[in-house]
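Laboratory data are not the source of any read-out in this text; all were calculated from the coordinates shown. Being a predicted model, the structure only gives us computed values, none of them experimental. As a convention, Cβ positions derive from the backbone with ideal geometry for all residues, glycine included, and neighbour counts pool all protein chains shown.
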Amino acid sequence: MKTIAINLNYLSLYGVSLMLLSALALTPLYSHAQINVTTSSDASSTIEFGTDDGSTTTASSIIELEVGAESTSTEFETEAQNSTSLRVNADGDAIAFAADVKNDADLEVFAHNISETEENVSGVEVDSEENGAWQAEVSYEHEGKLFGLMQVTLKSKTTVEVNEGGELEVHSNLPWWNFLVTKKNHAESEIESRLRDNATIMAAAEVEANAAVKAQVVEAVVAELNAHTYIYSSINAEVLF
């Protein structure tokens, strides 16, 4: 490839500006344009249009168009969009574990953050009543085959309820149309059984329901759903082969 160099030693600043604008107008013809401009007290300037053929110049102002170079700015923007969005509490801490929850504000931050850090968790809600009753609900995504053919995602809602008398109830439900889906990574009765037998959840019904206890229940529900989904994913994979 050739390099064209134009010496602008005796052109006015206005002329240099026009040349720069003309060079920028050519950038859509290339997949990426990298512009390196170095200013100095010297009035001389050189504009270089070049590729990767090794051509160089020692001028004080350079506009270099590189063909085939990847855009680092685009990569940065993509990484920023894909990064998790964690909330922080008043102390600036991103509460992501139940052990770090100390109050209701921390619990709210934790409920948001666990849906960001856990791949299949799409939402968490914790509600409390004045009479002491409370519940924690986890929305969780499961894979399945619609009509046994098309891959789909179903969202279950798994709820742990503790009433004012300290009695524990658990429920895990799928959308009404789940009967059309086969090989789904969800078995309602098994999930509910796992939750009833979970030591953390059982203990939560016997102690004062503070923010830390509720966070521990949410974490336990997510752990049980993860374990259940892993088992059923492995079973369904074996059936396919």
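Of note:
- Per-residue Cβ neighbour rank within 10 angstrom, fewest leading, 231, 201: 231, 201
- Where only C-alpha atoms are counted, convex hull volume of segment 141-185 per residue in Å³: 65
- Positive contributions from Lys and Arg (+1) and negative ones from Asp and Glu (-1), summed over other residues with Cβ under 13 Å from the Cβ of residue 92, come out at -3.
- For trypsin sites (Lys or Arg not before Pro), the sites in segment 128-186 that DSSP calls loop and that have at most 16 other Cβ atoms within 10 Å are 183.
- Ranked packing of 204-210, 192-198, 136-142, most packed first, by mean Cβ within 10 Å: 136-142, 192-198, 204-210
- Cross-link reach list, lysines versus residue 157, counting only Cα pairs under 20 Å and skipping chain neighbours closer than eight places: 145, 183, 184, 214
- Counted by neighbouring Cβ atoms within 10 Å, the residues 106, 91, 127, 100 run from fewest to most as 91, 127, 100, 106.
- Relative contact order, percent, segment 101-240 [alpha-carbon distance under 8 Å, six or more residues apart]: 22
- At 0.890 mPa s and 25 °C, Stokes diffusion of segment 111-241 via Kirkwood alpha-carbon radius, µm² per second: 160
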